[in-house]
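One structure below.
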């Protein structure tokens, strides 16, 4: 099932995954806090990304660069001059939108409507014509393709007047009011500015970084020298970035403060094609290996490339609001290092002993939004299903089907009842397990309620100390997804869990 975003946001808040920031002061748009469970989930995803990059690749090292950087960094990167989005206001709703997103979402609505109507028509006629063949003749489908084509052309040429005409001519409606009355399209700069210095009249304007990649590029010569690396090699980084989004929306999908996991891979010019293909498929495999279903992932190549790129593709995930970017893989040529060399006056080259010459390496970038990966796993994992009760009936249970390695709480230990002999043994087992796994202990409410409570938290294993435990030192181990229960001697519980929660084994099969 695909849970609606509003329901997912409510669930995430109820369970302690994600909170609106500063909620007691009515919140701040597009900024969120991660609660106790969310902080654990986010940290686990980041850790498994870091391990997959730096631990599995002997030629990739890590970096943690500063958020605040010299203003010339952003001049060299082109952000000061070109980091803008086109915005437009609806005259009736007074809502502000990013134009390309507004038009793309409308085109997607047209295409989805065309698909539903075409499928219904083919079923009614019992037609054997393939859906895709019939779909291209539908008026809404043709209109959607025309909208996308004109949008891509206008965006590539930065033709804001053409975007204004497109909104009017195609009668693109406001999602809030349905009105087609728009202001003229204009540019909106996305970088946050702040001041560096104690005195206002002496302070220097600097920027909060809009991406983490530039920290890698400017530290390239220092990392190269200190880590004694040879091309090809990579530099990985996890860190905060900030973008003054026109409108932050779709829960944590588009935020003003977010976290990126980026790796810049430096290669010999001429070999970038093979490395681009390698990282495309390696990165998709990582997402699948963490439990995202292959059917929920797809590649989408960029139709119009940035001026510095030779190739670019997105790994998209099927959110409830459609397939959207999860991660980008880009072949960036030598643009970034060359620009920083030009602006800084420093050589940013690599001496290749094999070739006997120096060159500016080309770069393959993998850039994934950590917050979006969290959202993808919450979206896919949220499930409502009927489950049996102790009385033999059925009831609806909410379950979060996370990969066991991602679960914020991997093990829950319960005494069946709150009697001293049960509690004592349950506490003893809890004390042993909590040094090895994120473990919770709870004795409040019925055992059924406790199971349901931890199902919703994503806990894959629940262990119950019951009457039989007092007789033979065995406990019940319950599986979150299948509801299967097995009995194990207490001394075998930890080895059983270690076998199923072994990060090293997960890495070996990546």
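Name the residues in the stretch 282-299 that are free of Cβ contacts under 8 Å to residues at least 24 places away in the same chain and touching a strand residue (DSSP E or B) at 6+ places or on another chain (Cβ under 9 Å), would you?
Of all residues in the stretch 282-299, those free of Cβ contacts under 8 Å to residues at least 24 places away in the same chain come to 282, 288, 294-295, 299.
Within the stretch 282-299, 282, 288, 295, 299 qualify.
Every residue, every condition in (1) in contact with a helix residue (DSSP H, G or I) (Cβ under 7 Å, 6 or more places away or on another chain); (2) over 24 Å from residue 42 (Cα atoms), yes or no:
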residue: 418; (1), (2): no, yes
residue: 421; (1), (2): yes, yes
residue: 433; (1), (2): yes, no
residue: 437; (1), (2): yes, no
residue: 443; (1), (2): yes, yes
residue: 462; (1), (2): yes, no
residue: 467; (1), (2): no, yes
residue: 482; (1), (2): no, yes
residue: 487; (1), (2): no, yes
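Taking the stretch 244-292 only, how many residues are in a strand (DSSP E or B), more than 14 Å from residue 367 (Cα to Cα) and at pLDDT 95 or above?
Summing the residues that are in a strand (DSSP E or B), more than 14 Å from residue 367 (Cα to Cα) and at pLDDT 95 or above in the stretch 244-292 gives 2.
Within the stretch 87-101, how many residues are over 24 Å from the mean Cα position of the chain (by Cα) and in contact (Cβ under 8 Å) with a residue 12 or more places away in the chain?
Total satisfying the criteria: 9.
I need the helices (runs of 4 or more DSSP H) fully contained in the stretch 154-228, keeping only those with at least 1 residues that are at pLDDT 85 or above, surrounded by 13 or more Cβ atoms within 10 Å (Cβ to Cβ) and not assigned by TED's automatic domain parsing to the domain that holds residue 241.
Fully inside the stretch 154-228 and qualifying: 160-169.
So how many residues does the stretch 409-430 have that are without any contact (Cβ under 8 Å) to a residue 60 or more places away in the chain and touching a strand residue (DSSP E or B) at 6+ places or on another chain (Cβ under 8 Å)?
Of the residues in the stretch 409-430, 10 are without any contact (Cβ under 8 Å) to a residue 60 or more places away in the chain and touching a strand residue (DSSP E or B) at 6+ places or on another chain (Cβ under 8 Å).
Can you list the strands (runs of 3 or more DSSP E) found entirely within the stretch 340-409 that contain at least 1 residues being in contact with a helix residue (DSSP H, G or I) (Cβ under 9 Å, 6 or more places away or on another chain) and surrounded by 11 or more Cβ atoms within 10 Å (Cβ to Cβ)? Give the derivation first.
Values: elements: 350-352, 357-359, 362-369, 382-388, 394-400.
So the answer is 350-352, 362-369, 382-388, 394-400.
Can you pull out the helices (runs of 4 or more DSSP H) entirely within the stretch 431-510 that have at least 1 residues that are in contact (Cβ under 8 Å) with a residue 24 or more places away in the chain, within 23 Å of residue 12 (Cα to Cα) and touching a strand residue (DSSP E or B) at 6+ places or on another chain (Cβ under 9 Å)?
447-457
The values are calculated or read from the model by the stated rules, or taken from the named source; none is laboratory data. Computed from a prediction, not measured in an experiment: that's the story for all the values here. No Cβ is skipped: glycine too gets one built from the backbone with ideal geometry, and neighbour counts run over all protein chains shown.
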